[in-house]
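Right, one structure below, let's go through it.
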Amino acid sequence: VSVDGDRLAARLAAIVGAAHVVTDPALKSLYEHDATGRFSGSSRLVVRPGNVEEVAETLAACSRSGAAVVPQGGHTGMVGGGTPRDGEVVLSLGRLQALGEIDRAASQVTVGAGVTLERLQLQAAAGGLDFPLDHGARSAATVGGMVATDAGGHLALRYGTMRALTAGVEAVLIDGRIVTRLGGLLKDNAGLDLPELLIGSEGILAVITRARLRLVPARRRRATALFAVADLDTALAVLDRLRAATPSLEALDYFEETGLRRVCERLGLAPPFSRSHPVYLVAECAADVDPSEQLLAAADIVEESAIATDAAARKALWRFREAHNETVRSLGVPLKLDVSVPVGAVPVFERDVRTLVEDVEPDAELILYGHLGDGNVHVNVIGAGEAADTLEDLILRAAADRGGSISAEHGVGLAKSSWLDLCRSETEISLMRDIKRVFDPGGILSPGRVLRE
Ligand code: S2G
Ligand code: ZN
């Protein structure tokens with residue numbers, strides 16, 4: 001028996017139901033183009049299992065047929081990790097929507113891989129708690145993908161990345177075996193920590209189907225400040241002041257006047273201040289009493305500031321920063337590089353990047369923004385044209401030369417596997433390959449992602 005001449009499709013239809021095996025080209029294409037416009041490819045079919053057993057049977061069937069598989073959550077990734085190529089089977093985890101009851105004693109919750117960040121945030125808030133990780137793609141990004149990529153976002157400054165907030169996972173191996181470690185014990189030293197290994201593994205070792213996540217008490221009062229400063233060195237001085245004066249500091253993001261101008265143009269927004277400034281900071285702190293005055297600790301070294309406490313006003317300030325990604329995307333297909341350098345090296349790294357772009361492609365437009373507190377810079381080059389590959393290589397090398405990473409929060413995926421050796425030793429990469437072979441001996445799970453073929 002076969003579906004559209006594909007016996008595997010028929011076998012998968014018997015597992016998940018024909019409605020959840022997508023072979024129609026128009027429907028498949030929804031899963032074949034990524035959010036940045038940089039990655040697209042062909043899938044053999046899209047299969048959408050409804051529970052962990054169906055994921056297990058699906059992977060076992062793909063293993064038996066030797067079909068390459070790429071897991072996909074919300075497909076908000078930036079490095080081609082979840083975008084199919086060369087007729088891979090897309091395994092969509094979107095239907096794994098189970099949202100557990102909040103375990104108040106542990107302040108944890110178990111959720112399905114297909115639950116979006118936004119739904120998780122609402123579930124936590126309903127219980128008077130917070131899931132303290134946030135980023136602009138919250139309405140589409142799923143928990144499974146965020147665990148697999150060790151997602152970061154702007155609250156990592158206070159709460160860490162998904163690695164710090166994941167207390168356990170359930171995952172399925174390519175041969176269909178299921179590993180369930182969801183107890184969420186804070187202290188459990190029994191043997192090697194498999195969940196830890198799977199967090200940030202970007203779908204190359206196993207498919208995450210559930211996660212046990214840590215929650216924190218919802219802070220009653222939140223204050224957000226938009227600061228205009230003269231340069232990034234001053235921005236670091238502001239960070240230093242805020243760290244000392246503001247124990248409740250949760251985020252310190254930044255952007256620059258080029259990006260702000262583009263965001264205001266695109267969204268038809270009035271600029272936040274009477275005149276433009278070179279660098280802008282978004283600082284956010286949250287406590288049980290109004291922390292606004294803590295944000296004024298840096299008042300003497302900023303040029304202009306706006307402070308907001310109510311939700312709408314805070315959202316308006318964040319919008320200048322959060323709209324950068326969609327604004328950059330509206331200007332064309334950008335060269336996007338998500339890198340980190342030691343926090344103190346952000347100013348000199350930025351000078352490196354400006355010099356490189358001026359030298360290699362002076363007509364290109366450089367838009368820089370990111371999470372200053374994490375040393376995480378999102379480098380976006382518009383109009384790099386033929387010079388894109390050269391610039392990508394030089395900018396990733398510049399980050400590594402400053403002691404940084406070629407990938408801060410978006411992962412390596414397909415985009416950066418050629419540069420992994422810039423910030424990982426030969427021994428580390430050789431061990432990664434050994435581990436990959438243990439989990440996926442046939443090399444059919446997310447081939448070519450992270451580890452170059
Ligand atoms: C951000 C989102 C994707 C990007 O805005 O913090 O992580 O590179 C990014 O703009
Ligand atoms: Zn970011």
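The values are calculated or read from the model by the stated rules, or taken from the named source; none is laboratory data. Predicted model, so just to flag it, every value in this text is computed and none were measured. Positions of Cβ are backbone-derived with ideal geometry, glycine not excepted, and every protein chain shown enters the neighbour counts. Please note that ligands, DNA and RNA were not included when accessible areas were found on the heavy atoms of the full protein model with its side chains. Shrake-Rupley method; radii C 1.70, N 1.55, O 1.52, S 1.80 Å.
With every protein chain left in place, what is the accessible area per residue of the chain in square angstrom, probe 1.4 Å?
Computed with neighbouring chains in place, this is 41 Å² per residue.
Here S274 and D310 are evaluated by their C-beta separation; at R0 = 25 Å the FRET efficiency comes out at 0.65. When the square roots of the Cα gyration tensor eigenvalues are ordered a ≥ b ≥ c, the ratio a/c for region 299-366 is 1.5 or more and a/b does not exceed b/c, which makes its shape oblate.
Summary of packing: across the peptides 331-339, 69-77, the per-residue average of other C-beta atoms within 10 Å ranks them, highest first, as 69-77, 331-339. Note on R354 and L182: with the Förster distance fixed at 41 Å, the Cβ-Cβ geometry gives a FRET efficiency of about 0.30.
Carbon-plus-sulfur accessible fraction, the chain (probe radius 1.4 Å, protein heavy atoms only): 51%.
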